[in-house]
Amino acid sequence: MPLHADFADIALRLACAFGASLIIGLDRELEERAAGLRTTILVCLAACLAMISSNLLLAEVGRADDSFAQMDVLRLPLGILTGMGFIGAGAIMRREDGLVLGVTTAATLWYMTVLGLIFGAGQYVLGGLALLVALGTLWLLKFASRFIRQEREAVLRVVLASDGTDALESALWQDLNRPPFRIRRSCVARDSETGARELRFELRYAGEIGRRQPDEVARLMGQAGVVRVEWEN
């Protein structure tokens, strides 16, 4: 880190931090995340300014013989990096169903803090490489994750008509006992007045990330004898 940072060097560091955070912030803004464009830019610029301030406060000469106090100015960016962990923790939410949201947003804020410290230290090559790594992680892996099938949980409720549905019910049981489905619990209820039967299945299945329901459930909705289909995951 250069000890003699002039005005042009400071402006270049701030411009690099602003440009990098602008690119990452646009991705967060388009995804409608909790930490959007302005938050990402402010976090990165704050870290960059903290490192620049530490750079300007670095002593250029050794400690005098009659001095016993010495200030460690590099604790300032260290405190910024540690404090960002608390802000990132505030972006993480846990829903009632146990699903945890906001982890990527918190990690992005922490990463942008590190990126701001890098540019604030005048390490442009390292900052550029870090920006490319962030873009590859947020953009390229986002498309790759669409093809990843992960274990998920869901509840399927199917209401069958009273007449001629024995074969359909048997076929439904067979379909849900084959991959990608696995039945965890099931129950059957019968309406004494109409004779309609309601089948409830708690399932585990391997599904693509972001897909609301498997194709097998969509085909079930159009079959004769099926009164209502409810899918919850």
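Nothing in this text is a laboratory measurement; each read-out follows from the coordinates by a stated rule. This is a predicted model, so every value here is computed, not measured. No Cβ is skipped: glycine too gets one built from the backbone with ideal geometry, and neighbour counts run over all protein chains shown.
Counting every other Cβ atom within 10 Å of each residue's Cβ, Asp27, Asp72, Asp9 order from fewest to most as Asp72, Asp9, Asp27. Packing here is the average count of other Cβ atoms within 10 Å per residue, and on that basis the peptides 186-198, 127-139, highest first, run 127-139, 186-198. The string of couplings for segment 43-48 from the Karplus curve (6.51, -1.76, 1.60, θ = phi - 60°) is 5, 5, 5, 4, 5, 5 Hz, one whole number per residue in order, with x for Gly and Pro. Database remark: amide H of Val227 closer than 5 angstrom to the amide H of Val159, Leu160, Ala161 (H placed geometrically; neighbours at sequence offset of 5 or more, or on other chains; Pro and chain starts carry no H).
The fewest-to-most ranking of Cys44, Cys16 by surrounding Cβ atoms within 10 Å reads Cys16, Cys44. Panel order for Ser170, Ser53, by other beta carbons found within 10 Å of each beta carbon, from fewest to most: Ser170, Ser53.
Go ahead and run the numbers for FRET between Asp9 and Ile87, Cβ-Cβ distance against an R0 of 30 Å, rounding to 0.05. With R0 = 30 Å, the Cβ-Cβ based efficiency is 0.60. Full extension of the chain segment joining Val229 with Val155 gains 25.6 nm, where the gain is 0.36 nm per residue of separation less the Cα-Cα distance.
Annotation: extensible slack from Asp72 through Ala107 equals 9.8 nm (criterion: 0.36 nm per residue apart, minus Cα-Cα distance).
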